[in-house]
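Derivation of every value follows stated rules applied to the coordinates shown; laboratory data play no part. Just so we're clear, the structure is a prediction, and the values are computed from it rather than from any experiment. Methodologically, a virtual Cβ is constructed for each residue, glycine included, from the backbone with ideal geometry; neighbour enumeration extends over all protein chains shown.
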Ligand code: PGA
């Protein structure tokens, strides 16, 4: 695992944009994430599109997750969010921006939508780079603690902590859908490169568990330890509880790949 400790959120966004840009230039299949953390990186990619001609025209994109029971047009659906935050501002073909279909709340329909999503990822040749945020409870996508480490795209029930964390987007906790459709940990693990971003002191426990704890469903993000190409970029606040912080800085400074 590559651990990069950047000074602040702006530096995290720059590092992440530099990595993502290589995949965009190669016309690769991008795994996108919603939430607050990736927004600064998206803004930097939009800037590079507008000012430096970075083109997304050959890329396909898959979102990590979606709420169940929200219309696509709902401003908090992830279908709408990723368009508002990134894809409508760049030259990716909207028909090539995919997200799990959580619109029909019937359990059979949700299960079928999950299987269809995994099939669509497979048919696209897999995801080349998957961007990830991390929940304060260690979730990636919406794989809450206890998620099977080999899970596929399926329905999950949100943890009350996640509902509380996400209520800021909805106005009240009662308005946050309880059910979601998320890529599974097995699905996520098949992407060629996992890029996890974390900023702020409220992520410090989750980052310590992800990087230095046991691989466990207790902390779903710990599956990054099993992946051959995982990069964690965090700011100083999110890195605060890492025991081997100084080693990670030393390794970064001495690795020619980062020069
Ligand atoms: P955040 O969410 O980026 O809004 O903190 C991350 C997540 O829940 O995965």
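One table, with the values for the structure above:
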read-out: Sequence of 79, 117 once ranked by neighbouring C-beta atoms within 10 Å, starting from the fewest; value: 79, 117
read-out: Gain in span if fully extended, residue 202 to residue 247, counting 0.36 nm per residue against the direct Cα distance; value: 13.9 nm
read-out: At R0 = 25 Å, FRET efficiency that the Cβ-Cβ distance of residue 91 and residue 170 yields, to 0.05; value: 0.20
read-out: Alpha carbon centroid spacing (whole Å) that separates the range 139-179 from the range 42-86; value: 20 Å
read-out: Global geometry of the range 147-210, whether rounded, prolate or oblate, following the gyration tensor of its Cα atoms and the 1.5 cut on a/c; value: oblate
read-out: For the range 2-254, alpha-carbon Rg and Dmax in angstrom; value: 17.1, 53
read-out: Pair residue 216, residue 240: separation of 7 Å Cα→Cβ label points (nm); value: 2.3 nm
read-out: Relative exposure of 247, 67, judged by other C-beta atoms within 10 Å (fewest first); value: 247, 67
read-out: Shape parameters for the range 1-149, alpha-carbon atoms, Rg then Dmax in Å; value: 15.6, 46
read-out: Nitroxide proxy distance, nm - points 7 Å out along Cα→Cβ at residue 10 and residue 161; value: 3.1 nm
read-out: Rh by Kirkwood over Cα pairs, then Stokes-Einstein D for the range 75-178 at 1.567 mPa s and 4 °C, µm²/s; value: 84 µm²/s
read-out: Ranked 1, 41, criterion: other C-beta atoms within 10 Å, fewest first; value: 1, 41
read-out: Pair residue 122, residue 83: separation of 7 Å Cα→Cβ label points (nm); value: 2.9 nm
